[in-house]
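Quick notes on the structure that follows.
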Amino acid sequence: MTELARTAATELEIPGGGQPVLDRLVALLDLEKIEENIFRGVSPAHSPVRVFGGQVAGQALVAAGRTVPEERRVHSLHAYFIRGGDPSVPIVYEVDRIRDGRSFTTRRVVAIQHGKAIFSLSASFQTDEPGIEHAEAMPEGVPAPETLPTLMERAEGYAIGAHARPRPIDLRYVNEPPWVTRQTGERPARNQVWMRADGKLPDQQLLHVCVLTYASDMTLLDSVLARHGVYWDTDKVLGASLDHALWFHRPFRADEWFLYDSASPTASGARGLATGRFFAQDGTLIATVVQEGLLRVL
């Protein structure tokens, strides 16, 4: 394990966020190789009761990517959250090299704690190829991210404890946040936020993909809860990610602004489905995500 990773796992948070907090995330994604196809990762000391889903997904993708030639880019991942992760102990990632083809590489990763699987991921990588292209357009009329208040500014005056800490992702709501709409009575069908890594990232394409994977687990299920006027910290909501799928369409930088546009087509059986699209600031569609979450409103 690198010294920076040890620091990220043991030190307290740095007030104010920005580059120091982003460097913590980069360190957490810098897994220790303990054997061929076996890696170990840690969680930050300030983690909540369970390991953040975006963290274990990002770390698992790092493990997969480190067994794949650098010229092959990840184009999709499919993951299941099996058990809640324990932030107090390391996570072991075992990589199964399913296939190495002429154009595609497939990897399967299982994350293990206390001798049991807590998470599984399948990822596919591809060499760059030319082909036909089209894409949906970014929603119109979205204000520029620089004109919007920060997350901490949005949370000011509300009992939203989870938002009071620095984050490695700069997140700015386009629409009213769900903890506001639950009071106003608005029930928005879509949730839109601008995001970017809160600092500068190294020029490593896999790292940028893993940071977006980390960010993709933030705010996505808000699009389910907002339609019912409830929210995590202000109502009795028990929730967890169940499965998560991401498709990466075009190259991007995670330290440049991207719009996360999400909606929920259905909720039933104490589960909610959310879909999301990521757009670069120039309107380029860069990724698509689908997640189902467990949502018990008590």
| note | Here the range 256-269 yields Karplus 3J(HN,Hα) values (6.51, -1.76, 1.60; θ = phi - 60°; whole Hz; Gly and Pro given as x) of 10, 4, 9, 8, 9, 10, 10, 8, 10, x, 6, 8, 6, x
| message | I need the peptides 95-102, 236-243 ranked by packing, meaning the mean over residues of other C-beta atoms within 10 angstrom, with the highest value on top. | response | 236-243, 95-102
| Which whole-number value in Å² is the accessible area per residue of the chain, probe 1.4 Å? | 47
| field | Table column - 3J(HN,Hα) (Hz), the range 98-108, Karplus curve with 6.51, -1.76, 1.60, x for Gly and Pro | value | 5, 7, 10, x, 5, 10, 10, 10, 10, 10, 10
| request: Sticking with the crude label model, points 7 Å out along Cα→Cβ, report the distance from TRP247 to THR234 in nm, one decimal please. | output: 3.5
| query | Expressed as a whole percentage, what fraction of the accessible surface of the range 162-298 belongs to carbon and sulfur atoms when a 1.4 Å probe is rolled over the protein heavy atoms? | reply | 50
| request: Using Cα positions and a limit of under 26 Å, work out the lysines in reach of LYS116, with same-chain residues fewer than 8 apart set aside. | output: LYS33
| said: With just the Cα atoms defining each centre, how far is the range 77-137 from the range 176-229? Give it in Å. | reply: 22
| field | Helical contribution to [θ] at 222 nm, DSSP H n ≥ 4, -39,500 (n - 2.57), averaged over the chain, rounded to 500 | value | -5500 deg cm²/dmol
| said: Apply the Karplus curve 6.51 cos²θ - 1.76 cosθ + 1.60, θ = phi - 60°, to the phi angles in the range 186-195 and return the couplings in whole Hz, x for Gly and Pro. | reply: 5, 10, x, 7, 10, 10, 10, 9, 8, 9
| said: Using a Förster radius of 30 Å, what is the FRET efficiency between ILE82 and GLU36 based on their Cβ-Cβ separation? Nearest 0.05, please. | reply: 0.80
| Distance in nm between pseudo-label sites at THR275 and ARG99 (7 Å out along the Cβ direction from Cα) | 2.6
| Over the chain, what is the mean sequence separation of C-alpha contacts under 8 Å (at least six apart), divided by residue count, expressed as relative contact order in percent? | 17
| query | In the range 31-127, carbon and sulfur make up what percent of the accessible area (probe 1.4 Å)? | reply | 49
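The values are calculated or read from the model by the stated rules, or taken from the named source; none is laboratory data. These numbers were taken from a predicted model, which means no experiment stands behind them. Counting neighbours? That spans all protein chains shown, and the Cβs are built from the backbone with ideal geometry, glycine included. Surface areas here come from the heavy atoms of the whole protein model, side chains and all, with no ligands, DNA or RNA. Shrake-Rupley method; radii C 1.70, N 1.55, O 1.52, S 1.80 Å.
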